[in-house]
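The values are calculated or read from the model by the stated rules, or taken from the named source; none is laboratory data. Values in this document were obtained by computation on a predicted structure and should not be read as measured data. Counting neighbours? That spans all protein chains shown, and the Cβs are built from the backbone with ideal geometry, glycine included.
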Amino acid sequence: MTDNPRIVEKTLFELSSPGRTGVTFPAADVPAAKLPKDLLRRELPLPELAEVDVVRHYMRLSKFNYSVDGGFYPLGSCTMKYNPKINEDTARLPGFAFVHPLQPVETVQGSLALMYTMQEWLKEISGFAAISLQPAAGAHGELTGVLIMRAYHRSRGDTKRVKMLIPDSAHGTNPASSGMFGLEVVQVPSDARGNVDLSALRSACDETVVGLMLTNPNTLGLFDEHVEQVAEIVHKCGGLVYGDGANLNALLGILRPGDVGIDVMHFNLHKTFSTPHGGGGPGSGPVGVAAHLADFLPAPLVAIVEKAKDGEPPLYGFVEPRQTIGRVKAFHGHFGMLVRAFTYIAMHGPDGLRQIAEYAVLNANYIKARIQKAYRIPHERICMHEFVAEGRFDGSDVRALDISKRLMDYDFHPPTNYFPLIVHEALMVEPTETENKDSLDAFADALLAIAQEARTNPELLHNAPSRTLFGRMDEVKAARELVLCCWLPEDYEKG
Amino acid sequence: MTYIPISPAERDAMLETIGVKSLEDLFQSVPAKHRFPKLDLPPALTEMEAASELQELSFGNEDVRGSLVSFLGAGAYNHYIPAAVDHLLRRGEFYTAYTPYQPEVSQGTLQAIFEYQSLIAALTGMELSNASHYDGATAVAEAVNMAYAQFRGKRSRVVIAPTVHPQYRAVVRTYTQGMGVELAGDDANADLESGPESLEGLLDANTALLVVQYPDLFGRVYDYSALIEKAHAQGALVCLAVNPTALALFKSPGEMGADIVVGEGQPLGIPLSYGGPYLGFFATRRQYVHKMAGRLVGETVDSRGQRAYVLTLTAREQHIKRERATSNICTNQGLMALASAIYLSLLGQTGLRQVAELCYHKAHYAAEQLSKLPGYGLCFSAPFFHEFALCCPGPVAEINAHLLEHGILGGYDLGQDYPALKDHMLLAVTEMNTKDEIDALVDVLAEASHD
């Protein structure tokens with residue numbers, strides 16, 4: 001059977017038919033120049049389709065996807081909140097969408113004013129002294145942050161620092177970002193309440209420590225109650241504290257990371273500030289730093305280069321931080337995502353931002369309260385914007401994966417599973433603030449029903465999903481055969 | 001305005017279920033001294049007000065579809081984007097989904113990425129492509145990482161041509177700080193006149209990677225086959241940073257023997273958007289797949305015997321390998337990759353070749369007309385695609401300011417990056433530029449040189 005799989009939707013290449021095209025261009029209005037014969041390409045094996053073929057193909061594909069617009073997406077650590085439609089419109093305003101990144105600054109004052117204001121707003125929201133909007137995603141912001149920490153130590157002639165402390169509940173990107181620059185990763189355990197273990201932290205701190213990468217609230221969804229002490233211990237040995245801003249949604253208007261000793265942090269505009277996840281990107285990962293690190297930010301930053309005078313607006317332009325780590329990407333960051341996040345912050349204002357955090361936390365605690373009789377939750381505490389439950393039951397072979405797949409039959413996207421690594425069979429649930437009580441209840445009801453099914457009819461879970469268009473995947477076959485491309489048929493005329 | 005769909009009565013019922021009295025009670029673990037800071041931000045706007053404020057801000061820009069005629073390129077290009085591209089991108093099923101961790105309910109995204117990988121492989125002439133990187137610059141940096149990892153750090157030299165985009169080289173410098181990589185060739189004062197053979201001398205047995213751009217920053221198209229052979233003779237890998245539109249016309253990097261092909265995918269249906277989000281594509285040969293960073297989609301079957309797609313070889317990635325991962329990347333440019341795939345499928349081989357030829361002919365017409373002007377001339381004699389360096393009779397900034405008064409966005413000032421190219425501008429011409437616009441550019445410059 002697997003040798004001849006049934007094709008649900010043909011690929012673009014299989015749909016191709018020689019001679020079709022989806023778009024034509026005007027004939028040249030200039031004389032033809034001579035083409036350099038030796039340099040020309042002989043064949044271009046791209047598919048040929050009409051516009052309607054392309055539109056229907058992608059429409060069919062779109063229907064195979066679960067999405068936030070389609071339903072509840074409680075994917076822990078990913079903040080799959082509703083993406084307001086107005087943001088899509090503002091990002092596409094011709095004055096933003098059709099501006100070249102290398103235009104003279106006099107012709108892009110609108111973009112620069114928006115970026116400058118965005119820097120100011122993010123500073124105010126986070127309590128940091130300076131912001132770079134350049135990093136393209138959260139992991140990219142982390143890489144930037146690690147480089148800044150290292151540059152700071154080196155600028156002080158402190159070259160012995162080679163260790164990065166990372167709590168055991170950290171995102172996988174934290175150690176990977178440190179590893180990219182050859183830093184040695186030292187894991188710090190959590191204590192019984194899910195906080196960083198202070199005595200373990202103390203003994204790990206010495207003059208070889210670059211810093212600590214702290215996610216707070218952590219990936220258990222718990223706020224580290226000793227955050228100020230954690231920062232103090234790290235600072236005492238000369239280290240810096242990196243804040244992973246992935247979970248900032250829980251802190252908007254609740255706490256400014258810069259106020260409690262965090263030295264550097266990345267934002268995920270695609271989580272906290274509602275820019276759409278796009279099926280895996282683009283994200284946007286600005287980095288904020290305390291005053292002593294401002295000189296190391298990636299270049300360039302947006303600044304006022306000529307003050308406002310005589311009723312004229314100021315002139316915005318670019319400046320280079322004095323000891324910059326350099327550029328981390330071409331041009332100025334994901335400007336289109338900045339427009340979306342800017343629109344979102346402008347519409348929320350200070351009170352609206354605080355409500356985001358309050359309701360995100362309310363919703364998470366509500367689901368937790370509704371399911372905790374049926375699912376073990378490792379730490380008995382009020383959680384923040386997400387919580388982690390164990391997806392296993394005594395005397396049952398049902399696993400977190402089965403529960404996740406069964407949730408699809410109830411028309412829900414599963415939570416994050418098997419993360420964080422410190423919880424057995426982890427199910428990490430993050431509802432966000434944009435769900436109503438009905439969908440939270442329906443999700444809790446589904447989890448409770450599944451806990452019942454696990455006892456009465458575990459096969460239902462092992463074989464799930466059964467009501468979706470596709471069933472479980474043969475992941476081994478994918479990795480073993482490694483078919484990564486489709487091609488035009490052998491006898492196709494390649495133009 | 002918030003997007004919170006919970007009524008006060010529902011909120012109170014939920015608080016009761018939780019067993020707390022108020023929303024504030026949920027935040028007891030946050031240090032009291034710093035709890036609930038007063039944020040100094042402007043008061044909330046309604047959607048109507050926000051729409052108008054953002055429009056007002058956008059009016060502060062001059063754009064290339066409005067008041068400006070653009071001849072600016074240097075890594076970002078003004079191409080026509082067929083209407084269907086954005087209509088499809090605006091499907092909520094695509095743009096409001098996340099990374100396809102749950103393949104049973106993500107086949108739309110997965111098949112779309114699989115097809116994207118196939119299109120990029122076909123376009124570059126390589127065996128496979130990953131699901132994409134942030135942009136062209138970071139894709140080059142990831143190629144450097146990959147080559148360094150391929151030789152397990154035993155080869156420390158990376159040769160990067162001075163004619164690779166200055167911002168790409170800057171990103172490589174940032175990414176490689178403290179890694180022990182020795183960058184050679186990254187010299188703004190290098191000889192820019194001579195062809196690829198000038199790099200041969202920099203290759204040695206310690207070289208992990210050679211990076212060249214195709215067409216190069218100045219738009220020049222060289223056959224790199226001989227240089228690639230020389231690099232391979234030293235055991236080094238070769239990465240070509242390419243313009244994807246040019247590949248419709250010119251020899252594919254695969255045909256020339258490249259090991260890694262990266263590039264900026266923005267020309268493939270992605271708006272200029274003041275620099276991003278764009279698309280870094282990354283293709284390589286099969287033998288290097290395990291060292292390649294980034295997401296990868298592979299074909300498989302589901303439990304019902306249907307052809308399906310999954311993220312595969314995830315063991316290479318950060319969430320499994322943690323500090324031993326080659327890269328920390330955990331997303332791709334999903335929606336941008338989708339845009340480029342839709343663009344390529346609409347244009348197909350005929351449409352893309354037509355765009356490339358239009359660019360070529362129009363750029364050559366512009367170059368010919370401009371070089372006739374007194375004081376102006378083409379800097380280089382090598383064949384070029386849709387960009388060329390023009391030497392000017394005075395400072396580029398002054399010439400551009402004059403052009404701007406006539407609604408023309410002039411070329412990139414090469415003197416910023418190359419001291420020897422003071423008073424040289426890099427002009428780009430695409431299918432969007434009409435003959436009338438090119439003639440207008442020539443006329444304005446002609447008038448200026450008579451003044």
Exercise for review: Give the residues of segment A:145-161 that are among the hydroxyl-bearing types (Ser, Thr, Tyr) and surrounded by fewer than 23 Cβ atoms within 10 Å (Cβ to Cβ), sorted by residue number.
Suggested key: A:Ser155, A:Thr159
Review point. From A:Ala291, A:Ala308, which residue is modelled with pLDDT of 95 or more and either among the aromatic types (Phe, Trp, Tyr) or out of contact with any helix residue (DSSP H, G or I) (no Cβ under 7 Å at 6 or more places or on another chain) (or both)?
Key: A:Ala291
Practice item. Search segment A:4-25 for residues that are within 7 Å of chain B (Cβ to nearest Cβ) and pair each with any residue that is buried (at least 18 other Cβ atoms within 10 Å of the Cβ) and among the small types (Gly, Ala, Ser) when their beta-carbon atoms are under 6 Å apart and the residues are at least 6 apart or on different chains. Key: A:Leu12/B:Ser345; A:Thr21/B:Gly348; A:Thr21/B:Gly351; A:Val23/B:Gly351
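Table: residues versus (1) outside any strand (DSSP E or B); (2) within 12 Å of chain A (Cβ to nearest Cβ).
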{"site": "B:Glu197", "(1), (2)": "yes, no"}
{"site": "B:Gly201", "(1), (2)": "yes, no"}
{"site": "B:Asp204", "(1), (2)": "yes, no"}
{"site": "B:Val212", "(1), (2)": "no, no"}
{"site": "B:Phe218", "(1), (2)": "yes, no"}
{"site": "B:Leu247", "(1), (2)": "yes, yes"}
{"site": "B:Gln266", "(1), (2)": "yes, yes"}
Revision key, fill the gap. Restricting attention to segment A:234-261, the residues that are β-branched (Val, Ile, Thr) and in contact with an Asp or Glu (Cβ under 7 Å, 6 or more places away or on another chain) number exactly 2
Review point. List pairs: first in segment B:359-377 and buried (at least 16 other Cβ atoms within 10 Å of the Cβ) and of a type in the set (S, T, N, Q), second modelled with pLDDT of 95 or more and part of a helix (DSSP H, G or I), Cβ under 8 Å, 6+ apart or cross-chain?
Key: B:Gln369/B:Ile438; B:Gln369/B:Asp439; B:Gln369/B:Val442
Review point. Which members of segment A:78-94 meet the condition of being surrounded by 23 or more Cβ atoms within 10 Å (Cβ to Cβ) and either part of a helix (DSSP H, G or I) or more than 7 Å from every other protein chain (Cβ to nearest Cβ) (or both)?
Key: A:Thr79, A:Lys81, A:Asn87, A:Thr90, A:Ala91
Exercise for review: Inspect segment B:253-268 for any residue being touching a strand residue (DSSP E or B) at 6+ places or on another chain (Cβ under 8 Å), more than 24 Å from B:Ala205 (Cβ to Cβ) and either modelled with pLDDT under 95 or surrounded by fewer than 22 Cβ atoms within 10 Å (Cβ to Cβ) (or both) and give the result as yes or no.
Suggested key: yes
Point to revise | Condition met for B:Gly235 (part of a loop (DSSP other than H, G, I, E, B) and either at negative phi or more than 7 Å from every other protein chain (Cβ to nearest Cβ) (or both)) | key: yes
Review point. Going through segment B:279-308 one residue at a time, which ones are at the interface with chain A (Cβ under 8 Å from one of its Cβ atoms), touching a residue at least 24 places away in the same chain (Cβ under 8 Å) and closer than 19 Å to B:Ala341 by Cβ?
Key: B:Arg295, B:Leu296, B:Val297, B:Gly298, B:Glu299, B:Ala308
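Among B:Thr176, B:Thr138, which is polar (S, T, N, Q) and facing chain A (nearest Cβ under 7 Å)?
Working: B:Thr176 fails: facing chain A (nearest Cβ under 7 Å).
On inspection, the qualifying residue turns out to be B:Thr138.
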Exercise for review: Working only within segment A:150-182, note down all residues that are over 20 Å from A:Ala246 (Cα atoms) and small (Gly, Ala, Ser).
Suggested key: A:Ala151, A:Ser155, A:Gly157, A:Gly182
Exercise for review: Can you work out which of the residues in segment A:43-65 that are touching an Asp or Glu at 6+ places or on another chain (Cβ under 8 Å) and assigned to a loop (DSSP other than H, G, I, E, B) is surrounded by the fewest Cβ atoms within 10 Å (Cβ to Cβ)?
Suggested key: A:Lys63
Study note, to complete from the structure: Picked from segment B:61-94 (must be part of a loop (DSSP other than H, G, I, E, B) and under 21 Å from B:Gln107 (Cβ atoms)), the residue farthest from the other protein chains (Cβ to nearest Cβ) is B:Arg90
Point to revise | A:Met213, sole failed condition from (1) part of a strand (DSSP E or B); (2) surrounded by fewer than 22 Cβ atoms within 10 Å (Cβ to Cβ); (3) of a type in the set (A, V, I, L, M, F, W, C) | key: (2)
Study note, to complete from the structure: The condition from (1) at pLDDT below 95; (2) closer than 27 Å to B:Ala283 by Cα that B:Cys379 misses is numbered (2)
Practice item. With respect to A:Phe98, determine if the residue is among the aromatic types (Phe, Trp, Tyr), in contact with a Pro (Cβ under 8 Å, 6 or more places away or on another chain) and either within 7 Å of another protein chain (Cβ to nearest Cβ) or at negative phi (or both). Key: yes
Practice item. Please state which one of A:Glu120, A:Glu124, A:Glu207, A:Glu142 is among the charged types (D, E, K, R) and surrounded by 23 or more Cβ atoms within 10 Å (Cβ to Cβ). Key: A:Glu142
Revision key, fill the gap. In segment B:99-113, anything closer than 17 Å to B:Leu279 by Cα and either surrounded by fewer than 24 Cβ atoms within 10 Å (Cβ to Cβ) or within 7 Å of chain A (Cβ to nearest Cβ) (or both) is listed as B:Thr99, B:Thr109, B:Ala112
Practice item. Test each condition in (1) in contact (Cβ under 8 Å) with a residue 60 or more places away in the chain; (2) surrounded by fewer than 24 Cβ atoms within 10 Å (Cβ to Cβ); (3) facing chain A (nearest Cβ under 7 Å) for B:Glu53 and report the one that comes out false. Key: (1)
Check your understanding: Could you count how many residues in segment A:259-270 are crowded, with 24+ Cβ neighbours inside 10 Å and more than 21 Å from A:Ser178 (Cα to Cα)?
Key -> 2
Practice item. Considering every residue within segment A:289-300, establish whether at least one is under 29 Å from A:Pro378 (Cβ atoms) and within 12 Å of chain B (Cβ to nearest Cβ). Key: no
Practice item. Quick one: in segment B:401-451, of everything that is acidic (Asp, Glu) and touching a residue at least 12 places away in the same chain (Cβ under 8 Å), which residue is farthest from B:Gly377 (Cα to Cα)? Key: B:Glu431
Check your understanding: Of the residues B:Ser225, B:Ser198, B:Ser156, B:Ser194, which is under 30 Å from B:Cys391 (Cα atoms), at pLDDT 95 or above and polar (S, T, N, Q)?
Key -> B:Ser225
Study note, to complete from the structure: Across (1) without any contact (Cβ under 8 Å) to a residue 40 or more places away in the chain; (2) touching a Ser or Thr at 6+ places or on another chain (Cβ under 8 Å), A:Gln372 clears everything bar (2)
Review point. How many residues are within 11 Å of chain B (Cβ to nearest Cβ) and acidic (Asp, Glu) if we restrict to segment A:420-467?
Key: 4
Review point. Tally time: how many residues in segment A:258-277 are assigned to a loop (DSSP other than H, G, I, E, B) and closer than 22 Å to B:Ile4 by Cα?
Key: 10
Review point. Counting only residues that are out of contact with any Phe, Trp or Tyr (no Cβ under 8 Å at 6 or more places or on another chain) and of a type in the set (D, E, K, R), which one in segment B:242-277 is nearest to A:Arg92 (Cα to Cα)?
Key: B:Lys251
